[in-house]
1. Filter region 73-90 for residues that are at pLDDT 95 or above and outside any loop (DSSP other than H, G, I, E, B); which is most open to solvent (accessible area, probe 1.4 Å)?
2. Where in region 98-170 are the strands (runs of 3 or more DSSP E), entirely inside, with at least 3 residues that are within 22 Å of residue 29 (Cβ to Cβ)?
3. Taking the options 93, 124, name whichever one is out of contact with any Gly (no Cβ under 8 Å at 6 or more places or on another chain), open to solvent by 70 Å² or more (accessible area, probe 1.4 Å) and free of Cβ contacts under 8 Å to residues at least 60 places away in the same chain.
4. Taking into account only those residues within region 38-55 that are surrounded by 21 or more Cβ atoms within 10 Å (Cβ to Cβ) and on the phi > 0 side of the Ramachandran plot, which is modelled with the lowest pLDDT?
5. If I filter region 156-166 for residues that are free of Cβ contacts under 8 Å to residues at least 60 places away in the same chain and among the hydrophobic types (A, V, I, L, M, F, W, C), do I get at least one hit?
6. Anything in region 145-170 that is open to solvent by less than 60 Å² (accessible area, probe 1.4 Å), under 23 Å from residue 77 (Cβ atoms) and not basic (Lys, Arg)? List them, or say none.
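The values are calculated or read from the model by the stated rules, or taken from the named source; none is laboratory data. What you see is a predicted model; the values in this text were computed from it and never measured. With ideal geometry, Cβ positions are generated from the backbone for all residues, glycine too; neighbour counts draw on all protein chains shown. Please note that ligands, DNA and RNA were not included when accessible areas were found on the heavy atoms of the full protein model with its side chains. Shrake-Rupley method; radii C 1.70, N 1.55, O 1.52, S 1.80 Å.
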Amino acid sequence: MKEYNPFTTALTRTSLSVPMRELMNLCLFDLDSKCIDIGCGKGQDVGFLKQLGVDIVGYDRYNDNFRDDKLLDNTYDIVTCNYVFNVICDLQEHEELLNNIKEMGNNIYISVRSDDRAIKDTWEYIKENDCWRTPKNTYQRFYTEEMVHRYFGQVEYIVNNSSLKLFKLV
């Protein structure tokens, strides 16, 4: 079996991701805000936002180009974490990441997948972790509102549909 590496789920983007577009549409990024994108994958959202003048850095522990641990010691006006929690199978790792993110700032925006129609017959359900293992040894968790409440606590939804849940921690 392949070694677990969530970076293999990182997409190559030609434009801003849906969650970042939604946050941009709400005018949350202003030129005076200091921002970090946790689990930035290949860093394309960070690059697109920098081109727009946003003061943003990206961190991804699975990508050497974005693994500057010193960034985690800072505080930020805006913290984003998009499509990261749904690829973490281990619930303790999930909780640790959430607790670390909460230390980084007060405006924390998280997006997770909710489209369980993506589940394939070849995927294995791991009941104790409430997630699915793919044949590539990656993981996916598809969040219902109840799961969002269970794993993240009180949130304020920005987008809540059958594909995506984007919310602010409160």
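1. Selected residue: 73.
2. By residue number, 108-113, 155-160, 164-169.
3. 124
4. Top of the filtered list is 41.
5. No, region 156-166 contains no residue that is free of Cβ contacts under 8 Å to residues at least 60 places away in the same chain and among the hydrophobic types (A, V, I, L, M, F, W, C).
6. 152, 153, 155, 158, 159, 166, 167, 169
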